[in-house]
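Single-structure report; data block below.
The values are calculated or read from the model by the stated rules, or taken from the named source; none is laboratory data. Remember, it's a predicted structure, so these values are computed and weren't measured experimentally. Glycine gets a Cβ as well: all are built from the backbone with ideal geometry, and neighbour counts include every protein chain shown.
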Amino acid sequence: MIPEEKPHHPFNEDFCIYLEYHLSKTFRNFEDNEIRRFWCDGVAMPFVDEQLMAKSVNDIRKIITKAWIGADGQGEYEMTINFGPKALSWYARGLDLKECVPSEESLDWITFARDEKKIELRIL
């Protein structure tokens, strides 16, 4: 019997690792000195696999997961990744989402709610 293969989704381990390092570089560009010292020590895959289904991403236009962020990289944050038109199109076609992440020089795609331990990202 051949084991059933899991479907490949653009939101995968490779993308999570890319996002982890990209966020750490982006934090250095914030004016807020506290955030400038932040780094990301990991982005988790969503706990609910249904979030990764193309129909779900298209319908709700976001994926909610967890990330470890802070001066020590260990603060547990709820991370919401909102999908813009390009990201939705690329996700539906199974393409690499790295191309949809804004530049580390741009800061308008990240919103922090530090007291609530939440971070929101808007990819293109």
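Once segment 28-63 is narrowed to residues that are touching a Leu at 6+ places or on another chain (Cβ under 9 Å) and part of a helix (DSSP H, G or I), the residue that is nearest to PHE112 (Cα to Cα) is VAL57. Pairing each residue of segment 109-122 that is more than 14 Å from LYS62 (Cα to Cα) with any residue that is of a type in the set (Asp, Glu) and loosely packed, with under 14 Cβ neighbours inside 10 Å, provided the two are 6+ apart or on different chains, yields C-beta distances under 7 Å for LYS117/GLU76.
Of all residues in segment 43-82, those satisfying the criterion of being among the charged types (D, E, K, R) and either within 18 Å of VAL101 (Cα to Cα) or without any contact (Cβ under 8 Å) to a residue 40 or more places away in the chain (or both) are ASP49, GLU50, LYS55, ASP59, ARG61, LYS62, LYS66, ASP72.
Out of the residues in segment 109-124 that are of a type in the set (Val, Ile, Thr) and in contact with a Ser or Thr (Cβ under 8 Å, 6 or more places away or on another chain), which is surrounded by the most Cβ atoms within 10 Å (Cβ to Cβ)?
ILE119
Among the residues of segment 72-81, those that are surrounded by fewer than 16 Cβ atoms within 10 Å (Cβ to Cβ) and either at pLDDT below 95 or farther than 18 Å from ARG36 by Cα (or both) comprise ASP72, GLY73, GLN74, GLU78, THR80. For segment 88-108, a residue qualifies if it is assigned to a helix (DSSP H, G or I) and either free of Cβ contacts under 8 Å to residues at least 60 places away in the same chain or surrounded by fewer than 11 Cβ atoms within 10 Å (Cβ to Cβ) (or both), and the qualifying residues are LEU88, SER89, ALA92, GLU99, CYS100.
Looking at the structure I just gave you, is PHE11 assigned to a loop (DSSP other than H, G, I, E, B) and surrounded by fewer than 13 Cβ atoms within 10 Å (Cβ to Cβ)? No; evaluated as a whole, the condition is false for this residue.
Looking across segment 54-86, the residues that are farther than 21 Å from PHE27 by Cβ and out of contact with any Lys or Arg (no Cβ under 7 Å at 6 or more places or on another chain) come down to ALA54, LYS55, SER56, VAL57, ASN58, ASP59, ILE60, ARG61, LYS62, PRO85, LYS86.
From ARG61, ARG114, which residue is more than 18 Å from CYS16 (Cα to Cα) and either of a type in the set (Lys, Arg) or at pLDDT below 95 (or both)?
ARG114
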